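Worksheet: the structure to be examined is printed underneath.
The values are calculated or read from the model by the stated rules, or taken from the named source; none is laboratory data. From a predicted model like this one, the values you see are computed outputs, not experimental measurements. Cβ coordinates were reconstructed from backbone atoms using ideal geometry, including for glycine residues, and neighbour counts include every protein chain displayed.
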Amino acid sequence: MHRDDLMAAHTHAPLAAGPAGPLRVGIGGPVGGGKTALVAALCRALRDELSLAVVTNDIYTEEDAEFLRRHGVLPDDRIRAVRTGCCPHTAIRDDITANLDAVEALEARHNPDLVLVESGGDNLTATFSYGLVHAQIFVLDVAGGDKVPRKGGPGVTRSDLLVINKIDLAPLVGADLEVMRVDAEKVREGRPTVLVSLREQPDAAPIVEWITAQVRARRA
Amino acid sequence: MLPEFVTRRKRGSGYVPAVLSSGLLLLADSRTPSGGHGHSGGVEALVDRGLIRTVDDLALFLSGRLLAGGAVPASAASAACALASSAPDWSRWDAAVSARTPSAALRAASRAQGSALLRTVALAWPGPDVAALRALSHVHHPLVLGVAAASAGATPTDAAVLALHHLIGGACSAGVRLLGLDPLAVAAAAVAAGRHAEPVAASSADAALLAVAADDPALLPADGSPLHDVLAQLHDTSEATLFAS
């Protein structure tokens, strides 16, 4: 943690202020769905063409940040960990101040094109405040059960991109991918859903494509 | 000469609370965005070492914290409340809080929460008093709380009570989350701790007003407890922690 930098960045420009500044994308979803794997994949895919920074909110403080560093996806000083006091949803939704400090410190230091804010694993109701991010991705996995999209909840229904990960496991866990896709479509009012196996498609191509379009739209 | 609202309350013979306002209730509410949910007030370090296990342990910890350390945030908030509209040199008062917070980790925690609360307060009370704090590169939490309290119509004693209320609330909430303590029993312990806090708030406000009258931040109380500071440093460098402090 670079605490002094966190402290220094306390002037808060509301996100709605205008198109200036990087795109901030939140990545949320239940534990074990593949959020960190997705962040790593996005960093590997985009780091050569975009300036990137990542804030992690893993419940065990630096666990996700360590994962990202260990895999060498980004230089150390472009990754920050926020400790959420057992309440990952609070830190991304109700009291976003610690994440704002972290994001703004990264922005001040690196002037990135894209900041990814990874939530700690939580439940289907945990979504990002649009005071913190411009867009959010919700990551589910097939092994969590094919009824999850039908259950809905704000992550499934309102996220800007729904990622259903680990489709390679579908036959092993008896999950019907078509049911998941149709159920998601029903509640998402046209917002996109991607079915993927990040293990088998480590380039995360459809998600990279979506996020690149978001970055482009913000610059336009 | 101190403004009338600074002096109108009778202190030392029981705390007379301010008339409740929505602003004061907001400042007392832990749901108000202020970064507090990520801080345990020293509880996590004690839980990790088996030194807090029960509601009774938590209550004992709180009574100790209030007496040996409560005066620093309480008097700083109180002084800031009294000074809010007089455009003081905030850096002197901020430095006084730093000097009374020997643990670097706790200074960082106080500034992180000051910065967090200031984000909310600057939107809620967008006047020159709050704006003056934003001129600093960082500011300790009690000063932001005190200035916000003044903006919400509080007296310096109210500001001291608020500071101690948050000290109690943060620790209690962490106890519930880390140990699964009965939240109803913890709420009762928080109320009891609040009663212990009243004389601390009153004496802290008295001391703060002397410091303000003398324009001398060095007169602020400097109580502390070495264990709290040492554990905060150990916590800061420990690997698997859920709270920032």
Q.
Being surrounded by fewer than 24 Cβ atoms within 10 Å (Cβ to Cβ) and under 20 Å from A:THR84 (Cα atoms) is the requirement here; does B:ARG107 meet it?
A. yes
Among helices (runs of 4 or more DSSP H) entirely within segment B:78-148, at least 2 residues that are touching a residue at least 60 places away in the same chain (Cβ under 8 Å), within 12 Å of the chain's Cα centre (by Cα) and facing chain A (nearest Cβ under 10 Å) occur in B:104-124
Filter segment B:224-245 for residues that are in contact (Cβ under 8 Å) with a residue 60 or more places away in the chain, over 19 Å from the mean Cα position of the chain (by Cα) and in a loop (DSSP other than H, G, I, E, B); the one that is surrounded by the fewest Cβ atoms within 10 Å (Cβ to Cβ) is B:SER238
| said: at pLDDT 95 or above and in contact with a Lys or Arg (Cβ under 9 Å, 6 or more places away or on another chain): is that true of B:ALA197 in this structure? | reply: no
The helices (runs of 4 or more DSSP H) lying wholly within segment B:14-69 that contain at least 2 residues that are crowded, with 17+ Cβ neighbours inside 10 Å and within 14 Å of another protein chain (Cβ to nearest Cβ) are B:43-48
Of the residues in segment A:108-135, those that are within 14 Å of A:PRO22 (Cα to Cα), in contact with a Lys or Arg (Cβ under 9 Å, 6 or more places away or on another chain) and away from chain B (no Cβ under 14 Å) come to A:ARG109, A:HIS110, A:PRO112, A:ASP113, A:LEU114, A:VAL115, A:LEU116, A:VAL117, A:VAL133, A:HIS134, A:ALA135
The residue that is surrounded by the fewest Cβ atoms within 10 Å (Cβ to Cβ), considering only those in segment A:186-220 that are farther than 19 Å from A:GLY34 by Cβ and among the aliphatic types (A, V, I, L, M), is A:ALA220
The residue from B:PRO221, B:PRO199, B:PRO217 that alone is surrounded by fewer than 18 Cβ atoms within 10 Å (Cβ to Cβ), over 16 Å from B:GLY41 (Cβ atoms) and out of contact with any Asp or Glu (no Cβ under 8 Å at 6 or more places or on another chain) is B:PRO199
Residues of segment A:158-170 being in contact with a Pro (Cβ under 9 Å, 6 or more places away or on another chain) and either modelled with pLDDT under 95 or not in a loop (DSSP other than H, G, I, E, B) (or both), in sequence order, are A:LEU161, A:LEU162, A:VAL163, A:ILE164
Condition set in contact with a Ser or Thr (Cβ under 8 Å, 6 or more places away or on another chain) and among the acidic types (Asp, Glu), scope segment A:72-103, selection nearest to the other protein chains (Cβ to nearest Cβ): answer is A:ASP95
